[in-house]
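The values are calculated or read from the model by the stated rules, or taken from the named source; none is laboratory data. None of the values given here were measured: they were computed from a predicted structure. Here the Cβ positions follow ideal geometry from the backbone for every residue, glycine too, while neighbour counts run over all protein chains shown. Protein only, heavy atoms only, side chains kept; ligands, DNA and RNA dropped before computing areas. Shrake-Rupley method; radii C 1.70, N 1.55, O 1.52, S 1.80 Å.
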Amino acid sequence: MRTEFRRVRLFDPGSGLDQADATVVVEGGTIVAFERRGQPDQLVDGQGLLLCPGIIDLRAHLGQPGRPDRETVLSATRAAAKGGTTTVVALPATDRVEVVAMLEAWAKAAGPTRVLPAGAFTVGRQGERLAEFAKLRAAGCVLFTDGNRPIRDAQLLRYGLETAVDVGVPVMTHAEDETLAQGGVMHEGAVSARLGLVGIPRAAEEVGVARDLAVAELTGAAIHISHVSSAGSVELIRQAKRRGVRVSADVSPHHLLLDADAVVGYATHAKLRPPLREASDRAALVEGLADGSVDAVASDHEPRTNLEKNVEFDAASPGAAAIELLLPTLTTLVAEGALTLERALSACTRGPARILGREDLGRLRVGGPADLVLLDPEAQWSVGDDWQSRARNTPLWGRSLSGRPLLTMVRGRMSFADHRFEEIQ
């Protein structure tokens with residue numbers, strides 16, 4: 001089937017494209033032309049809307065295997081598609097190839113959204129011995145991580161980084177000194193003192209970031225630091241890049257839009273790991289994203305059930321649902337003047353693709369996969385409208401955002417279409 005998009009603003013930072021009144025022709029899952037080619041089977045009138053590369057989400061918990069009560073691969077990929085995401089790196093990471101095969105089967109049955117499995121850095125994510133990287137890579141794992149568990153043993157991190165270089169797959173870490181974070185349930189500061197809650201100081205993350213950067217510099221290997229949350233972490237990463245350390249980093253949507261004040265009232269949906277910090281930290285994260293010190297935005301989607309959130313703050317499980325909020329968070333920051341459109345889209349397309357070493361993803365080019373998003377950057381909507389995720393644990397519920405995907409295509413197949421484009425599905 002041939003699908004033709006007409007009257008779109010073709011925008012792709014990775015390919016240097018910014019063309020008004022453009023045409024894109026898709027056939028057989030591939031972009032075949034940027035000009036009209038006869039009569040298409042499907043015609044999409046873009047009405048001047050943005051046509052961009054599909055979004056790549058570097059970390060999202062999909063619930064399966066293990067917790068389908070929180071989320072399923074089907075519900076998660078539907079939510080991802082609604083948010084303009086075409087590729088998702090699936091957590092929790094596993095060290096078992098049979099689990100990788102199971103995840104791929106679920107993803108194939110769920111729909112066209114590309115689901116890439118994450119391999120565990122250590123066996124059982126217990127931090128004691130390295131998982132079998134080569135076997136996991138052969139099974140399809142695209143990165144190695146222990147998820148939200150820091151790698152406590154610096155020597156093990158060193159061996160793992162060196163091994164990952166040989167295997168050709170990146171390592172993603174959760175940087176944290178657990179001895180400093182122990183017992184904490186939110187950011188340590190004025191809000192935690194007022195609420196009488198044990199806080200987690202910035203230093204817990206920053207000591208972890210400094211350690212991980214030092215080990216990466218020692219080995220010369222690449223390292224990706226996930227969900228940074230403090231101004232100090234951003235500065236450490238910025239300075240490391242200037243020294244030539246091969247480091248990349250991401251930040252979550254919630255940390256870009258909220259600070260510790262969201263916890264006031266003991267709001268458990270705002271209990272995250274790492275925690276929401278000060279307004280100055282949030283500003284530093286946005287600045288780091290703007291200047292390239294932070295390379296990407298990842299949803300850090302952590303679905304939780306009502307039973308896990310509707311309890312005392314200390315007992316509530318940390319995490320927030322965000323898989324359909326990644327791109328709208330960035331377009332909201334563009335509307336506010338905090339980011340350029342080029343930088344915003346690069347942080348969720350080309351940036352993640354480079355981190356994964358996937359040159360085939362994150363850009364629009366003739367001969368490349370037809371992973372596309374038709375975006376209305378000025379649409380106003382409220383979080384919760386037509387919500388697709390099984391989980392609703394977000395402190396952004398009801399908040400107005402700017403920018404909304406209207407159509408998502410993965411490998412030439414529609415994974416989401418707004419009501420005005422339903423007839424082409």
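Brief remarks on what is shown
- Debye log10 I(q)/I(0) at q = 0.07, 0.12, 0.13 Å⁻¹ for the chain, Cα point scatterers: -0.31, -0.94, -1.11
- The mean sequence distance of close C-alpha pairs (under 8 Å, at least 6 residues apart), as a share of the length of the range 355-425, puts its relative contact order at 31 percent.
- The chain: most fluctuating residue of 67, 78, 413 per GNM, C-alpha cutoff 10 Å: 67
- Folded to 0 to 90 degrees: helix 202-219 orientation relative to the chain principal axis, Cα: 70
- GNM result for the chain, Cα springs below 10 Å: residue of 120, 279, 138 fluctuating most strongly: 138
- Percentage of interatomic Cα-Cα distances in the range 327-425 larger than 18 Å: 57
- Evaluated at q = 0.16, 0.23, 0.29, 0.30 Å⁻¹, the base-10 log of the normalised Debye intensity for the range 139-200, with identical point scatterers placed on the Cα atoms, takes the values -0.64, -0.91, -1.19, -1.22.
- Kirkwood Rh, Cα atoms: Rg over Rh of the range 280-351: 1.08
- Considering only the chain, percent of DSSP beta bridges that pair antiparallel, nearest 5: 50
- A 1.4 Å probe, protein heavy atoms only, puts the accessible area of residue 169 near 10 Å².
- GluC sites (Glu not before Pro) lying in DSSP loop within the range 1-98, provided at most 12 other Cβ fall within 10 Å: 35
- Summary value for the range 39-106: 36 percent relative contact order, contacts being C-alpha pairs under 8 angstrom separated by 6+ residues.
- Per residue value of the accessible surface for the chain (all protein chains in place, 1.4 Å probe), Å²: 38
- For the range 228-289, fraction of C-alpha pairs farther apart than 12 Å, in %: 65
- Mean Cα-pair separation over length for the range 109-150, i.e. relative contact order, pairs under 8 Å, 6 or more apart, %: 46
- Rolling a 1.4 Å probe over the protein heavy atoms of the range 90-192, with every protein chain left in place, gives an accessible area that is 48 percent carbon and sulfur.
- Centroid-to-centroid separation of the range 7-61 and the range 343-361 [C-alpha atoms, Å]: 17
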